[in-house]
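Heads up: the structure comes next, in structure tokens.
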Amino acid sequence: MHPVRKKRLIFVLSFVFVVSAATGLLFYALKDELNLFYTPTQIANKEAPPGQKIRAGGMVVEGSFRRLDDSLQVIFEVTDYESTLTVTYQGILPNLFAEKEGVVVTGRLNDEGLFVADEVMAKHDENYMPPELQDTLKSSDSSVTYKNK
């Protein structure tokens, strides 16, 4: 092999190795920070990993919200109109949180299938909905219209 070609080949292979190693280290560092979005139907179908931090979203079921006595713990249900997910949260809810409104929760599934939320995010205006949830709701209930700004 010609010395110039050999030098180029070594350079290219070294570059590919360094970029691969950097990418691997980046994903390793971010693995605990990545939380994927799942709908209640996907969670009911056991597509979501138990014990891993994930996001789930849907509409808060009317009449499902209840606060436990003398504490900040609340329990409510979230639906995508196909399945329902029971969520428990310890803390202060956002001001825009309401029944029959969109919500995204971040947390983990426990062994009983209960979603233990670390964070509850309510929609920021009357038109916002996560795109993944909007697609699911459109396909499951054609009588309701959803807008996304």
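The values are calculated or read from the model by the stated rules, or taken from the named source; none is laboratory data. All values derive from a computational prediction rather than experimental measurement. Neighbour counts are summed over all protein chains in view; Cβ atoms, including those assigned to glycine, are modelled from backbone coordinates with ideal geometry. For accessibility, only protein heavy atoms count, side chains too; no ligands or nucleic acids. Shrake-Rupley method; radii C 1.70, N 1.55, O 1.52, S 1.80 Å.
Summary table
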quantity	calculated
Contacts under 8 angstrom Cβ, first residue in the range 1-19 being surrounded by 10 or more Cβ atoms within 10 Å (Cβ to Cβ), partner of a type outside the set (D, E), 6 or more apart	L9/M1
Single condition Q52 does not satisfy, out of (1) in contact (Cβ under 8 Å) with a residue 12 or more places away in the chain; (2) under 22 Å from E99 (Cβ atoms)	(2)
Candidates V74, V120, V116 - the one that is more than 26 Å from S139 (Cα to Cα), outside any helix (DSSP H, G or I) and in contact with a Phe, Trp or Tyr (Cβ under 7 Å, 6 or more places away or on another chain)	V74
In the range 45-71, the residues that are open to solvent by less than 60 Å² (accessible area, probe 1.4 Å) and either part of a strand (DSSP E or B) or modelled with pLDDT of 90 or more (or both)	I54, A56, G57, G58, M59, V60, V61, S64
Every pair of residues 6+ apart whose Cβ atoms lie under 6 Å, when the first sits in the range 107-119 and is in contact (Cβ under 8 Å) with a residue 12 or more places away in the chain while the second is assigned to a loop (DSSP other than H, G, I, E, B)	R108/G51; R108/K53; L109/P50; V116/N110
Every residue from the range 6-38 that is closer than 30 Å to G113 by Cβ and either part of a strand (DSSP E or B) or modelled with pLDDT of 90 or more (or both)	F37, Y38
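This table checks each residue for (1) of a type in the set (S, T, Y); (2) over 19 Å from D118 (Cα atoms); (3) touching a Cys at 6+ places or on another chain (Cβ under 7 Å); (4) touching a residue at least 40 places away in the same chain (Cβ under 8 Å).
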| position | (1), (2), (3), (4) |
| --- | --- |
| G57 | no, no, no, yes |
| R66 | no, no, no, no |
| D70 | no, yes, no, no |
| V87 | no, no, no, no |
